[in-house]
Structure formats: structure tokens, C-alpha cells
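J.: Pasting in a structure now, in C-alpha cells, and then I'll have a few things to ask.
The values are calculated or read from the model by the stated rules, or taken from the named source; none is laboratory data. Small disclaimer: the values here were computed from a predicted structure and weren't measured. Note that each Cβ is placed from the backbone with ideal geometry, even for glycine, and that neighbours are counted across all protein chains shown. For accessibility, only protein heavy atoms count, side chains too; no ligands or nucleic acids. Shrake-Rupley method; radii C 1.70, N 1.55, O 1.52, S 1.80 Å.
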Amino acid sequence: MVRGGPRLDHGRRRELGQSFQDGGGHYHRVRPRYPEDSVRWLVPTSAHEALDVGAGTGKFTSLLLDLGLDVTAVDPSADMLAQLKTHCPGVAAVAGTAEVTGLPSASFDVVTVAQAWHWCDPLAASTELARVLRPHGTLGLVWNQLDTSVPWVHRLSRIMHAGDVYRPGHKPVMGPEFQGLEGHVSHWQDTVTTTDLMELTKSRSYYLRANEATRAKVLANLDWYLHEHLAYAPDQQIDLPYLTLAWRAVKA
């Protein structure tokens with residue numbers, strides 16, 4: 001139902017993923033939240049212990065805490081985990097990846113991966129996350145995407161090199177350890193300023209890995225599009241359409 005991220009070989013996936021090792025404070029300020037209905041749909045009401053993998057600065061982790069879950073967070077970036085500990089002080093934060101969590105087997109009722117599955121090796125990650133899940137536990141995958149069905153947002157996403165394209169019929173890859181894959185879409189809007197959009201662009205992997213000339217070109221194009229072509233005033237507030245796409249499957 002959705003393309004959740006760029007199609008990458010293993011080496012390119014690791015290279016781009018490394019771009020998030022620093023800058024956790026900036027990432028937390030500019031990245032959008034997740035709508036509550038996405039986490040409520042994703043997490044079984046019977047769940048008590050949750051593992052948030054690729055947790056970053058805790059954007060999705062905080063929603064799991066709001067549900068009253070006992071949450072452990074895993075991320076490979078020490079900088080991101082430092083931010084997470086500030087925003088989610090009740091969470092056990094552990095350095096690790098979806099492929100190697102280092103956590104005990106059969107410890108969690110639900111594992112979530114928000115905005116990070118496309119950085120993982122999906123088959124190796126499925127094997128590891130099935131290991132740490134209890135029998136019949138749930139694996140949930142979540143992505144925020146710009147709603148590119150809106151024409152001006154589609155062009156915006158191309159200028160930002162957001163890489164997010166809604167593709168009906170597409171499903172995320174999971175290993176044979178999981179069954180019964182279901183999808184859910186939330187439509188919502190984030191209120192941002194034109195400056196927020198410039199900063200959001202700076203948090204994207206394409207921008208972070210680009211050279212200075214490419215970065216300058218991206219920002220100049222975005223400045224033209226927002227302030228000249230669309231005629232927004234500097235720092236004018238904009239209702240930015242988003243889709244949040246959630247997937248859940250049960251440990252076989």
C-alpha cells in the first residue's frame with residue numbers, strides 16, 4: 001500500500017543511515033509527530049511491554065508511554081538516545097539495531113519500528129524481532145509521509161528530495177516469521193512555517209549526505225518555491241498534509 005522509503009542496497013542503506021548519527025536535537029525539533037490513532041491501531045490492548053526499534057529521539061516512543069506501556073528503546077545513535085532520555089526519562093534506552101538488539105528472547109508483547117524499517121535488512125530484522133517477541137506478539141511498522149496526492153505537496157517533496165511516494169498495492173517486506181499483515185492510513189495536517197520546512201529539509205538523509213553545493217541548490221529551490229512560486233510570506237504558517245501509514249503483523 002505504500003512505499004516506505006528508498007530502495008537501497010545494503011551498502012547504500014548503511015551509508016545513508018549513518019547520516020543520523022549526530023544532530024539529534026535538530027531532528028527532534030523539526031520532524032513531525034505521529035497521530036494518536038496510528039499507535040492505538042497498531043498496539044494490541046493486551047500489550048504491556050513494548051520495544052521501540054530505531055527509536056531516534058523518542059517521537060513514537062512517547063506515544064507508547066502515553067498508552068501506559070513499559071517501553072524499551074533501541075537505536076544505533078548515541079546522540080539520538082541522549083535526546084530520547086531527555087524527552088522520555090522513563091524509558092530504558094539501549095544501543096542496538098533491528099538486526100541485533102542484544103535483548104533477551106520472548107521479552108515483549110509488541111515491537112514498533114517508526115520511520116526506520118527502510119534502513120533495516122528486513123529479513124534479518126524480522127528474525128531478530130521475532131526472537132524478542134513473545135508468542136503471538138505484534139510487529140508494527142510506521143511511516144510519516146507527505147501527502148503527495150496534493151499537487152503542491154508532490155512538487156514540494158521532489159524539491160526536498162523527501163523520497164516518499166504513496167504507491168497503492170505496495171506492502172513492506174517482512175520475513176516468514178510474521179503473518180496476517182494489515183495496513184492502516186491516517187490523514188492529518190501539521191501546522192508549520194516556511195522556516196520549519198527549510199529546517200525539515202535539512203534533516204533528510206539526502207541533504208545530510210550531500211556536498212555544500214548540492215545543499216545550497218536544494219535550499220535555493222525550496223526558497224523560490226515557497227516564497228516566490230507559492231507566494232508565502234517568510235515564516236507564514238502552512239497546513240502541511242501528511243499520511244501516516246501503519247502496518248502490523250503477528251508472530252507466526
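J.: Counting only trypsin sites (Lys or Arg not before Pro) that sit in a DSSP loop (anything but H, G, I, E, B) with at most 14 other Cβ atoms within 10 Å, what is the longest stretch of the chain containing none of them?
T.: On the way: sites that count: Arg7, Arg33.
With a cap of 14 other Cβ atoms within 10 Å, the longest stretch comes to 34-252.
J.: A follow-up question, please. Can you order the peptides 114-123, 95-104, 229-238 by their average number of other Cβ atoms within 10 Å per residue, highest first? Present the calculation step by step, with values, prior to reporting the outcome.
T.: Details: 114-123: 21.3, 95-104: 16.4, 229-238: 12.3.
Packing order, densest peptide first, comes out as 114-123, 95-104, 229-238.
J.: If amide H atoms are built 1.01 Å from N in the plane of the peptide, which residues on other chains or at least 5 residues away come under 5 Å of the amide H of Ala93?
T.: Long-range HN contacts for Ala93: Ala73.
J.: In the chain, what is the count of Lys pairs whose alpha carbons are under 30 Å apart, counting only pairs at least 8 residues apart or on separate chains?
T.: Taking the Cα cut-off of 30 Å, the pair count is 10.
J.: Further question: Out of all DSSP beta bridges with both ends in the chain, state the antiparallel percent to the nearest 5.
T.: Working: 23 of 42 bridges.
If we restrict to bridges inside the chain, about 55 percent are antiparallel.
J.: Determine the order of Leu129, Leu63 by accessible area, beginning with the largest, at a probe radius of 1.4 Å. Walk me through the numbers before you get to the answer.
T.: Details: Leu129 0, Leu63 20 Å².
In descending accessible area the options line up as Leu63, Leu129.
J.: Need the C-alpha centroid separation for region 126-200 versus region 213-252, integer Å.
T.: 15
J.: Tell me, what is the per residue accessible area of the chain in Å², probe radius 1.4 Å?
T.: Details: 11420 Å² over 252 residues.
Roughly 45 Å² per residue, with all protein chains present.
J.: Could you check how much of the accessible area of the chain is carbon and sulfur, as a whole percent, using a 1.4 Å probe? Walk me through the numbers before you get to the answer.
T.: Numbers: 5810 of 11420 Å².
Summing carbon and sulfur atoms, their accessible area is 51 percent of the total for the chain.
J.: Given the DSSP H assignment, sum -39500 (n - 2.57) over each helix run of at least 4 residues in the chain and divide by its residue total; what's the result at 222 nm in deg cm²/dmol, nearest 500? Spell out each step's value before the answer.
T.: Numbers: 10 runs with 86 residues, N = 252.
The per-residue figure over the chain is -9500 deg cm²/dmol.
J.: For Rg and Dmax of the Cα atoms in Å, the listed values are [x] 17.9, 56; [y] 19.8, 61; [z] 16.7, 52; which was obtained by calculation from the structure presented?
T.: [x]
J.: Additional query: Kirkwood hydrodynamic radius (Cα pairs, Å) of region 58-117?
T.: On the way: mean 1/r = 0.0839 Å⁻¹.
Mean inverse Cα-Cα distance, inverted, gives 11.9 Å.
J.: May I pose another question? Could I have the simple spin-label model distance between Asp239 and Asp37, label points 7 Å from Cα toward Cβ, reported in nm to one decimal?
T.: 1.5
J.: Per-residue counts of other Cβ atoms within 10 Å, averaged by peptide: what ranking do you get for 219-226, 50-57, 142-149, 65-72, highest first? Don't skip to the answer; put the middle values down first.
T.: Numbers: 219-226: 16.0, 50-57: 27.9, 142-149: 20.8, 65-72: 17.9.
Sorting 219-226, 50-57, 142-149, 65-72 by mean packing, highest first, produces 50-57, 142-149, 65-72, 219-226.
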